[in-house]
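Contents: one structure, followed by commentary.
The values are calculated or read from the model by the stated rules, or taken from the named source; none is laboratory data. Not measured: the values here are computed from a predicted model. Here Cβ is always computed from backbone atoms with ideal geometry, including for glycine, and neighbour counts include all displayed protein chains.
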Amino acid sequence: MDFENVLEYTNNLYQTKGKALINKRPTPMAIIRNAGPSKYVCVFSVKSTVDYDGTYKGRSIVFEAKSVKEKKSFSLSDITNSQVEYLEAAESAGAISFDC
């Protein structure tokens, strides 16, 4: 959550300074049952693409953000095949794409 907060702060700063407009994508969820007052059991309704998208200097930008325990690197196996395919397709279409 700390990493996501840093990304949110940075993205807000970029927007305030007019450098970029980057948003966190909501993860599509489907409610499968009520679990009490204001509590629900949900499942992902579609495969995940990436966490963030937006515009930077007139170009589309998409990226996946991962929290990791290791400070120097992370395992590429943490990124799903569908996310890699999405990043590659976005880059082929002219977007800036990466994972962090």
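Key figures
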read-out	value
Complete set of residues in region 18-73 that are among the basic types (K, R) and at pLDDT 85 or above	K19, K24, R25, R33, K39, K57, R59
Residue satisfying condition, being surrounded by 11 or more Cβ atoms within 10 Å (Cβ to Cβ) and of a type in the set (D, E), within set E70, E8	E8
Out of A65, A30, A95, sole residue that is of a type in the set (G, A, S) and more than 28 Å from N12 (Cα to Cα)	A30
Members of region 90-100 found to be surrounded by 10 or more Cβ atoms within 10 Å (Cβ to Cβ) and either touching a residue at least 24 places away in the same chain (Cβ under 8 Å) or in contact with a Pro (Cβ under 7 Å, 6 or more places away or on another chain) (or both), listed by number	A90, A93, A95, I96, S97, F98, D99, C100
Failed condition for L87, given (1) part of a helix (DSSP H, G or I); (2) over 16 Å from K24 (Cα atoms); (3) in contact with a Phe, Trp or Tyr (Cβ under 9 Å, 6 or more places away or on another chain); (4) not aromatic (F, W, Y)	(2)
Answer from S82, S73 - the residue that is assigned to a loop (DSSP other than H, G, I, E, B) and over 24 Å from A20 (Cβ atoms)	S73
Where a residue in region 39-56 is farther than 21 Å from T80 by Cα and its partner, wherever it lies, is of a type in the set (A, V, I, L, M) and part of a loop (DSSP other than H, G, I, E, B), with Cβ under 9 Å and at least six apart	V41/A35
Tally of residues being assigned to a strand (DSSP E or B) and exposed (fewer than 10 other Cβ atoms within 10 Å of the Cβ) across region 42-67	1
Answer from L76, L87 - the residue that is surrounded by fewer than 15 Cβ atoms within 10 Å (Cβ to Cβ) and either at pLDDT below 85 or within 21 Å of F3 (Cα to Cα) (or both)	L76
